[in-house]
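Here is the structure we will look at.
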Amino acid sequence: MQLYLFISLSLFFTYGHSKTDISLGYQLTVAVPIEYSLGFIGRAFLMETNEITPTFKTALSVEAVNGKYSCSLEVFLGDVKVWNSGHYSKFYTSNICVLQLTQDGDLRLKGPKDRVGWRTGTSGQGVQRLEILRTGNLVLLDGLGNIKWQSFNFPTDVMLWGQRLSVASRLISFPTNSTSYYSLEIEQSRIALYLNSGKWNYSYWEFKPTKNRNIAYVQLGRKGLELFNGKLKKIAQIHPSDHQTVQFGQPLRFLALGNRTGNLKLYFYSPSIAKFDAAFQALNTTCDLPLACKPYGICTLSSTCSCIQVLIAENETSRSGNSDCSQGISGGFCGNGKTTAEMLELKGVGSVLRGAPKIVNVSKEACANLCLEDCNCTSALYSTAKGGMEVEECFFYGMVIGVKQVERGSGSSYMVKVRKGAHGGHGKSNLKRWVLVLVGVVDGLIILLVFGGLGYYLIKKRRKHTLPNGHNN
């Protein structure tokens, strides 16, 4: 069976089927526009479940990406994309995008001249059909109903109800226009969220079972994310009602790692608003997100971003709105050491990133010097307080990101490597005061505006009630 679908040049077009499976020899072709059109998406739906609303649908998709057209096989839950064959490696094509289930049981995506861009590698395994299950799992089955390939074994940035992730597996989400990416990683002692950039990877949230129990796998249940040990016994659970007072009364449908914020959320379907809503999120404060601000930016107590460059460059104009906070103060440190760089100490500032290399029982000055001597070190966090005991710790970072303002008395100092003279020639004590004053001004102005507006409203309201009749206007 062969279907050929021509999609005219438009921003969005869909074509669909309602069957739940397809057989050997099936082929679907989608024409790709000749000229590139920004924002173009064309989808042909070939399978759909019919048991639970919203339903799962499978689509062959052509999408405009970075000046080219990608060809992919996708699974949707309602209007939410929950799986994509091109999540990690896109297949770019021209003229045509072809989905084929060959006679020997291999599922393929092809372009012109039968060029194969993606395949399941199931030739000769007795595959008889492709089916979308009620769980959203896309499977290739043999004549006895045995699964020979399944999309659940190739997770992307979404985990569906009933899906399992074993230790050492992970979800990955790619922010737009960024070289960094987020990951949810299943480890033996915990599950954790990571920010990954080049050779650097730092965690920024974690959940651990009690009593140091080991994790074998996790599974998304109807009421939460469940953690199991090697004996298939549930040892812990992330339950929405433990974190929120809202009782939604609907089963969880999927877990997602957001590509914009890196936050982990559990979603249920709300019939009253006819869309998915979050029942739980790992991080509830903007400044706890690793990319809340751009590199060399500080997330303040009022959840606004301010460039470190603004805080240190007295003789330059404010650049908090500049897209590049690192301009003029970063880079060029390798091979020169202390001759071209110095450490700028930011009091009342910390980092959301964890798992950085560290040394203990070291002074603040030694911590700063060690970072200066390492050309890969861009910042260091010095801490003197931990669990009621005074422990000197020095953490080294390879990037200046995830920086946020903290309450005074936290016992930590964040130091950034900058070019010598970037702060206008001030001494060390002046730098501290300059940073604190400007961060305080940002938050102080916001507080002043809020209370000023409230005071103005109350005065106007009082005058309105005290004026004689006929003079209220």
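Annotations for the structure displayed:
- Accessible surface computed residue by residue for region 155-284, with neighbouring protein chains in place and a 1.4 Å probe, gives 49 Å² per residue.
- Calculated FRET efficiency for the pair residue 102/residue 37, C-beta based, R₀ 35 Å, to 0.05: 0.65
- Across 19/234; 265/294; 19/110; 90/208; 90/404, pairs whose alpha-carbon gap is larger than 29 Å: 19/234; 90/208; 90/404
- Part-to-part distance (alpha-carbon centres) for region 164-233 and region 69-87, which is given in Å: 22
- Ligands, DNA and RNA are left out, and with a 1.4 angstrom probe the accessible area of region 18-150 is 42 Å² per residue.
- Shape category assigned to region 47-124 from the gyration tensor of Cα positions, a/c cut at 1.5: oblate
- Placing pseudo-labels 7 Å out from each Cα toward the beta carbon at residue 150 and residue 188 gives an inter-label distance of 2.6 nm.
- Treating each Cα of region 189-240 as an identical point scatterer and summing with the Debye formula, the log10 of I(q)/I(0) at q = 0.14, 0.23, 0.26, 0.28 Å⁻¹ comes to -0.42, -0.86, -0.98, -1.06.
- Simple point charges give the picture: +1 on the Cβ of Lys and Arg, -1 on the Cβ of Asp and Glu, and for region 155-284 a dipole about the Cα centre of about 360 debye.
- Relative contact order (%) - region 155-284, alpha-carbon pairs under 8 angstrom, separation at least six: 21
- Remark: region 36-158 carries a charge dipole of roughly 360 debye about the Cα centre, counting +1 on each Lys and Arg Cβ and -1 on each Asp and Glu Cβ.
- Carbon plus sulfur fraction of accessible area for region 18-150, probe 1.4 Å, in percent: 45
- Judged by the gyration tensor of its Cα atoms, with axes a ≥ b ≥ c, region 155-284 is oblate; a/c meets the 1.5 cut and b/c is at least as large as a/b.
- Three-way shape label, region 18-150, alpha-carbon gyration tensor, a/c 1.5: oblate
The values are calculated or read from the model by the stated rules, or taken from the named source; none is laboratory data. Owing to the predicted nature of the structure, the values given are computational and were not obtained by experimental measurement. A quick note on method: Cβ atoms are made from the backbone with ideal geometry, for glycine too, and the neighbour counts reach across all protein chains shown. Calculation scope for accessible area: heavy atoms of the full protein, side chains included, ligands and nucleic acids excluded. Shrake-Rupley method; radii C 1.70, N 1.55, O 1.52, S 1.80 Å.
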